[in-house]
């Protein structure tokens, strides 16, 4: 299988950031044109600044949910060669003038052969930020940090998180979606308390299924505040079913920080590999997929 821009088109990579507070997520919602989405705003701005009659369609590395932020989001779009040739050197500045202030595009460039913003990615890294100060969250950070009204033991959360690393079926931590797998490889899950008191979870995986990050964070917060023992999140994972005690924490503490890609000569191979539905040894496919 190949994934290239159609003949006469150029595949363009965009690196962008957004504050998700006032968006209903990344993805446009069919039949709900009045709903504000990152994809809708960006596609509309691209069409206007390049004076295109036909709509443009973006493919994104990770479809963030309503209220989730992004610092290192990646998308691609296929543009007619004449349009790209005419506008590429002015596109970044024109987008800055057209886009709302809660979306910024930092880089626009022709993508290498085989690049697909979604399927060529080898990992996504998210951060979830929380404070446990009895007085609450700094008002200047309130849109990006969750307040947890119990003291948190970071060492206990890290001990519990370590048992979740590796390739597993994360069905217990994902919202089900028909026909999609919940098998993922969790590469990193660590907690660190900063000098300002903000506790940051760094979560990296090859991909994430729907609500996975926020569910993992919810389980680990229960460990950190002493409501559950450190081995509880791993037991939930092994059970393979949703546990009513696992809360999906609020979206505003979550930020997509970075997306990783292989060297250019491996992009096409990764693209093909990512489209294969995974199973664990001696296990069948599970249902569920999406974002965080």
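Going residue by residue through region 190-199, is there one that turns out to be over 15 Å from residue 126 (Cα atoms) and surrounded by 22 or more Cβ atoms within 10 Å (Cβ to Cβ)?
no
In region 80-88, is there at least one residue being at positive phi and outside the structural domain of residue 269 (by TED's automatic domain parsing)?
Within region 80-88, none of the residues are at positive phi and outside the structural domain of residue 269 (by TED's automatic domain parsing).
Determine whether residue 62 is at positive phi and not in a strand (DSSP E or B).
No.
Residue 207 versus (1) surrounded by fewer than 22 Cβ atoms within 10 Å (Cβ to Cβ); (2) assigned to a loop (DSSP other than H, G, I, E, B); (3) in contact with a helix residue (DSSP H, G or I) (Cβ under 8 Å, 6 or more places away or on another chain): which is the lone unmet condition?
Of (1) surrounded by fewer than 22 Cβ atoms within 10 Å (Cβ to Cβ); (2) assigned to a loop (DSSP other than H, G, I, E, B); (3) in contact with a helix residue (DSSP H, G or I) (Cβ under 8 Å, 6 or more places away or on another chain), only one is false for residue 207: (1).
For region 277-291, does any single residue satisfy the condition of being touching a strand residue (DSSP E or B) at 6+ places or on another chain (Cβ under 9 Å) and either assigned to a strand (DSSP E or B) or free of Cβ contacts under 8 Å to residues at least 60 places away in the same chain (or both)?
no
Which ones in region 27-61 are touching a residue at least 40 places away in the same chain (Cβ under 8 Å), in contact with a helix residue (DSSP H, G or I) (Cβ under 8 Å, 6 or more places away or on another chain) and more than 19 Å from residue 109 (Cβ to Cβ)?
Scanning region 27-61 gives 38, 48.
Looking only at region 184-201, filter to residues that are under 20 Å from residue 240 (Cα atoms) and touching a helix residue (DSSP H, G or I) at 6+ places or on another chain (Cβ under 9 Å); which one of those is modelled with the lowest pLDDT?
The residue in question is 184.
Which count do you get for residues in region 212-241 that are modelled with pLDDT under 95 and on the phi > 0 side of the Ramachandran plot?
Number of matching residues: 1.
Of the residues in region 1-26, how many are in contact with a strand residue (DSSP E or B) (Cβ under 8 Å, 6 or more places away or on another chain), farther than 21 Å from residue 143 by Cα and surrounded by 15 or more Cβ atoms within 10 Å (Cβ to Cβ)?
Total satisfying the criteria: 9.
The values are calculated or read from the model by the stated rules, or taken from the named source; none is laboratory data. Keep in mind it's a predicted model, so treat the numbers as computed, not measured. No Cβ is skipped: glycine too gets one built from the backbone with ideal geometry, and neighbour counts run over all protein chains shown.
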